[in-house]
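Notes to accompany the following structure.
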Amino acid sequence: MELAYIPSPSHGVLHLGPIPLRGYAFCIIIGVFVAVWLGNKRWIARGGRTGTVADIAVWAVPFGLVGGRLYHVITDYQLYFSEGRDWVDAFKIWEGGLGIWGAIALGGLGAWIGCRRRGIPLPAWADALAPGIAFAQAIGRWGNWFNQELYGRATDLPWALHITSSTDGRVPGYYHPTFLYESLWCVGVGFLVIWADRRFKLGHGRAFALYVAAYCVGRGWIEYMRVDDAHHILGLRLNDWTAMVVFLLAVLYMVLSSRLRPGREEIVEPGAEADAPAEDDESASGKSVSGKDEAEDEAAAKDGDKNKAGDKAGDKSEAGADGDSVDLDKPAVTESVTSREPAGSAGSASETESETESEKESDAESEAESQSRDEAGSAKKS
């Protein structure tokens, strides 16, 4: 018995009354939302409108689901049309069975229809969505864990997947979790595309081609580890041959595109650049209005400060003119002296001068009287 392993869920569906909630379907739905969300952010950063990615995804997602199911049914037809099988099961998509090759091919057709209706170049839209598709695949692979499918050879590694179901030819045991390997690989592919797009400014579909090429590399060695039934050609599984052919086509597209159309598209959505100035004008007008309001508020505040200063100056002048006290806490003598100083300084100077003159006149008169008395006395003696 293994001491460490990844357990498998006992069942992949929960029933909410009569409504079945299937883990496989939830993983697919969450992956689609992540791809659209990230694609929308990247599309806006490229100069597109908000919501354009979602509008085109309305066409791409249904086409992709149909294409993925068709590829699975065609390449594994014995599961649905051989003796003892029910062909109706080919429509039970919730039980698993989506081929990424068919999903990308037919989903691309749906995206082309949506882009054509909006007048948008398909390569630019695909570049924006490329890393989101990789992350969506990483999430969707966990749906295989709920269904206990797509595992590899037997192993005793501590991260082995414990398969407990024995339906459809499964043998309970511990196997390589190839669904987990592919999930982690797709996460790495998504970040690789984001980095390369920022570093090299990939355009004209080259970011999407990089995603396809990088995914094919990982799918090749992961597919080689799987043990589920598959068609073989020259000793290799069909999906291995598909991965090699698609990888070569993706690399060839990147080389030719970089030579024929270097750089990146300047305009990805006609009319979007005309909407941007309108939004800028609205924001600018809003800023100007707010700036005017702030200027008016500052002017009003300054006027209020001036009025307050004027009121204080008026109070001080009235206090000096009336001879009232300026500071009620000071003694009365100090108040009176302080109040008299400004008004009586000139008067006191004039009074001092007049007193000096009167004193001089009185001294002159006294000297004249003394002289007259001396002359009268000398006359009497003679």
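Taking the condition of being open to solvent by 10 Å² or more (accessible area, probe 1.4 Å) and in contact (Cβ under 8 Å) with a residue 40 or more places away in the chain, how many residues in the range 198-212 meet it? Selection size over the range 198-212: 7. I'd like to check something: does the range 201-209 contain any residue that is under 22 Å from Leu79 (Cα atoms), out of contact with any helix residue (DSSP H, G or I) (no Cβ under 9 Å at 6 or more places or on another chain) and not in a helix (DSSP H, G or I)? No.
Of the helices (runs of 4 or more DSSP H) entirely within the range 75-188, those holding at least 2 residues that are more than 20 Å from Val246 (Cβ to Cβ) and open to solvent by less than 40 Å² (accessible area, probe 1.4 Å) occupy 100-118, 122-140, 142-146. When you look at Leu192, is it assigned to a helix (DSSP H, G or I), under 31 Å from the mean Cα position of the chain (by Cα) and surrounded by fewer than 19 Cβ atoms within 10 Å (Cβ to Cβ), yes or no? Here the answer is yes, as Leu192 does meet what is asked. Within the range 3-20, residues that are within 30 Å of Asp156 (Cβ to Cβ) reach partners that are open to solvent by 100 Å² or more (accessible area, probe 1.4 Å) with beta carbons closer than 8 Å, at six or more positions or on different chains, in the pairs Ala4/Trp159; Tyr5/Trp159; Ile6/Trp159. Selection over the range 224-238 of residues that are assigned to a helix (DSSP H, G or I) and free of Cβ contacts under 8 Å to residues at least 40 places away in the same chain gives a count of 1.
Of all residues in the range 239-272, which are of a type outside the set (A, V, I, L, M, F, W, C) and either assigned to a helix (DSSP H, G or I) or surrounded by fewer than 14 Cβ atoms within 10 Å (Cβ to Cβ) (or both)?
Asn239, Asp240, Thr242, Tyr253, Ser257, Ser258, Arg259, Pro262, Gly263, Glu266, Pro270, Gly271
For the range 1-47, residues that are among the aliphatic types (A, V, I, L, M), open to solvent by less than 40 Å² (accessible area, probe 1.4 Å) and either at positive phi or under 20 Å from the mean Cα position of the chain (by Cα) (or both) total 3.
The values are calculated or read from the model by the stated rules, or taken from the named source; none is laboratory data. Predicted, not measured: the structure shown is a model, and the values here were computed from it. We place every Cβ from the backbone using ideal geometry, glycine too, and count neighbours over all the protein chains shown. Remember, those area values only see protein heavy atoms, side chains included, never the ligands or the DNA or RNA. Shrake-Rupley method; radii C 1.70, N 1.55, O 1.52, S 1.80 Å.
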